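The values are calculated or read from the model by the stated rules, or taken from the named source; none is laboratory data. The model shown is predicted, which means the values in this text are computed figures rather than measured ones. Every residue, glycine among them, receives a Cβ derived from its backbone with ideal geometry; neighbour counts consider all protein chains shown.
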Amino acid sequence: MAPTIIDAIHLVSSDSAAGNIMQAGMPRKRVRILSERLTVGPCDADPERHVEMRRAWNAEIGDEYPETFALDDLRAAVAGDLPVVVWATRAYAELVWLLWILDGLGRLGPLGQPPVIVRPKPDDARETVGGTSPEKNRAAIVDARVISNDEFREGAELWKLFASSDPRAFDEARRRGSSVFPEIGESADLHGDWFPRLENGRLRLSQHDERLLASLTDEWLITWDLNERISTVSGWERLLRTHGSLVPYWRLRQWAAHGVVAREVRDNDGQLECEKTLFRNTDRSRALLANGLESVVDAPSIYVGGCRLNDPTAPWVRVVDGSDWRIIPYT
């Protein structure tokens with residue numbers, strides 16, 4: 001008897017996605033979790049360089065972030081003669097992960113059987129497989145299909161653009177749209193949220209940095225308190241849902257090292273550093289919120305895809321362009 005989708009190897013982007021598709025009937029022993037949020041942190045089109053950069057970044061952050069997955073990990077995950085099924089919604093976080101998977105599978109060469117894709121349709125288009133109900137995931141199996149040559153080709157090309165040090169080509173692809181990945185125009189709108197903004201000739205904080213600094217108070221707050229405050233402001237889901245609940249801790253730690261945010265670590269045995277680290281605002285953080293930036297170096301650097309933001313040697317900014325926005329060099 002030919003293997004069915006139940007017998008296949010299932011690739012997912014998170015522990016929660018694994019749990020949900022197992023509830024939908026996929027056997028635990030067939031699920032392979034390659035859990036990594038690629039929407040923030042360094043990326044590179046070269047697989048070896050990509051892994052080196054991601055691992056160095058993870059080591060800088062600490063043990064709170066998941067490991068980095070290499071091409072060899074993907075090869076091991078799909079080894080054997082069973083069919084391979086890739087699960088991904090159209091949410092931006094999972095779209096970027098899917099582009100990496102498609103590029104990687106293309107580099108591995110033909111598998112024993114053509115890989116299949118399942119694309120659940122949650123009620124909220126920003127939700128990943130991990131946040132989609134088992135019922136919706138089960139229903140999506142009906143539309144499972146072999147990944148097309150166009151998906152492999154354009155997926156790999158979009159990954160290379162995303163991982164480029166020049167962000168304009170990926171931004172142009174977002175603005176242009178795609179018949180292969182029609183969701184890119186809407187979901188990749190989140191790509192611009194870390195870029196500093198040029199508004200009426202003034203350099204402003206990125207949308208995410210503005211949300212983070214505005215969440216601080218004169219009182220010391222731990223990460224989870226800050227996340228609760230962030231959850232009450234406009235656009236919070238673009239930050240926490242796309243990049244994860246630990247991104248505020250990591251980014252505010254960068255702002256503290258930059259001398260803008262006050263940080264204190266309290267000695268509580270048995271806790272992760274993020275659980276005993278507190279932050280509060282300062283005169284400098286309030287001034288940046290009120291007046292904007294004098295230069296991109298007023299903000300700590302951050303990688304978005306292959307682009308290093310707030311780099312004085314190659315500064316990039318986001319500008320309004322009609323009803324949309326675009327990325328341009330800052331001079």
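Would you confirm, using the coordinates I've provided, whether Ser231 is modelled with pLDDT under 95 and either of a type outside the set (A, V, I, L, M) or in contact with a strand residue (DSSP E or B) (Cβ under 8 Å, 6 or more places away or on another chain) (or both)? Talk me through it step by step, then tell me what you get.
Numbers: modelled with pLDDT under 95: yes; either of a type outside the set (A, V, I, L, M) or in contact with a strand residue (DSSP E or B) (Cβ under 8 Å, 6 or more places away or on another chain) (or both): yes.
Yes: the conditions hold for Ser231.
Can Ala77 be described as in a helix (DSSP H, G or I) and in contact with a strand residue (DSSP E or B) (Cβ under 7 Å, 6 or more places away or on another chain)?
Values: in a helix (DSSP H, G or I): yes; in contact with a strand residue (DSSP E or B) (Cβ under 7 Å, 6 or more places away or on another chain): yes.
The answer is yes for Ala77.
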Check your understanding: Would a scan of region 41-62 turn up a residue that is outside the structural domain of Leu240 (by TED's automatic domain parsing), out of contact with any strand residue (DSSP E or B) (no Cβ under 9 Å at 6 or more places or on another chain) and of a type in the set (S, T, N, Q)?
Key -> no
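Select from region 268-279 the residues that are touching a helix residue (DSSP H, G or I) at 6+ places or on another chain (Cβ under 7 Å) and farther than 15 Å from Ile61 by Cβ and write down the one among them that is modelled with the highest pLDDT.
Taking region 268-279 first, the residues touching a helix residue (DSSP H, G or I) at 6+ places or on another chain (Cβ under 7 Å) are 268, 274, 277, 279.
Keeping just the survivors that are farther than 15 Å from Ile61 by Cβ gives 268, 279.
On the way: Asn268: 70, Phe279: 97.
So, considering only residues that are touching a helix residue (DSSP H, G or I) at 6+ places or on another chain (Cβ under 7 Å) and farther than 15 Å from Ile61 by Cβ, the one modelled with the highest pLDDT is Phe279.
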Exercise for review: Having 1 or more residues that are under 17 Å from Leu203 (Cα atoms) and polar (S, T, N, Q) is the bar; report the helices (runs of 4 or more DSSP H) wholly within region 245-331 that clear it.
Suggested key: 283-291
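Looking at Ala144, is it in the same structural domain as Ala45 (by TED's automatic domain parsing), over 18 Å from the mean Cα position of the chain (by Cα) and more than 27 Å from Glu237 (Cα to Cα)?
Values: in the same structural domain as Ala45 (by TED's automatic domain parsing): yes; over 18 Å from the mean Cα position of the chain (by Cα): yes; more than 27 Å from Glu237 (Cα to Cα): yes.
Yes, satisfied.
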Review point. Residues in region 161-185 that are more than 24 Å from Pro329 (Cβ to Cβ) and either in contact with a helix residue (DSSP H, G or I) (Cβ under 9 Å, 6 or more places away or on another chain) or in the same structural domain as Asp209 (by TED's automatic domain parsing) (or both): how many?
Key: 5
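Out of all the residues in region 264-279, is one or more among the hydroxyl-bearing types (Ser, Thr, Tyr), buried (at least 17 other Cβ atoms within 10 Å of the Cβ) and over 19 Å from the mean Cα position of the chain (by Cα)? Please lay out each step first, then the result.
Looking only at region 264-279, we keep the residues that are among the hydroxyl-bearing types (Ser, Thr, Tyr), and these are 277.
Still in the running and buried (at least 17 other Cβ atoms within 10 Å of the Cβ): 277.
Going one step further and asking which of them are over 19 Å from the mean Cα position of the chain (by Cα), we end up with 277.
Looking through region 264-279, at least one residue is among the hydroxyl-bearing types (Ser, Thr, Tyr), buried (at least 17 other Cβ atoms within 10 Å of the Cβ) and over 19 Å from the mean Cα position of the chain (by Cα).
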Exercise for review: Working only within region 177-207, note down all residues that are within 21 Å of the chain's Cα centre (by Cα) and farther than 26 Å from Leu293 by Cα.
Suggested key: Gly177, Ser178, Val180, Phe181, Pro182, Glu183, Ile184, Gly185, Glu186, Ser187
Study note, to complete from the structure: By residue number, the members of region 87-114 that are over 22 Å from Asp46 (Cβ atoms) and either surrounded by 23 or more Cβ atoms within 10 Å (Cβ to Cβ) or among the charged types (D, E, K, R) (or both) are Trp87, Ala88, Thr89, Arg90, Ala91, Tyr92, Ala93, Glu94
Practice item. Quick one: count up the residues across region 119-133 that are without any contact (Cβ under 8 Å) to a residue 40 or more places away in the chain and either more than 19 Å from Glu36 (Cα to Cα) or outside the structural domain of Asp81 (by TED's automatic domain parsing) (or both). Key: 5
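Check whether at least one residue in region 218-241 is assigned to a loop (DSSP other than H, G, I, E, B), touching a Phe, Trp or Tyr at 6+ places or on another chain (Cβ under 9 Å) and of a type in the set (S, T, N, Q), and report yes or no. Can you show your working first?
Filtering region 218-241 for residues assigned to a loop (DSSP other than H, G, I, E, B) gives 218-220, 231-235.
In the following step, the residues that additionally are touching a Phe, Trp or Tyr at 6+ places or on another chain (Cβ under 9 Å) were identified as 220.
Checking the rest, the ones that are also of a type in the set (S, T, N, Q) come to none.
No, region 218-241 has no match at all.
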Review point. Going through region 80-134 one residue at a time, which ones are within 16 Å of the chain's Cα centre (by Cα), farther than 27 Å from Glu48 by Cα and in a helix (DSSP H, G or I)?
Key: Val129, Gly130, Gly131
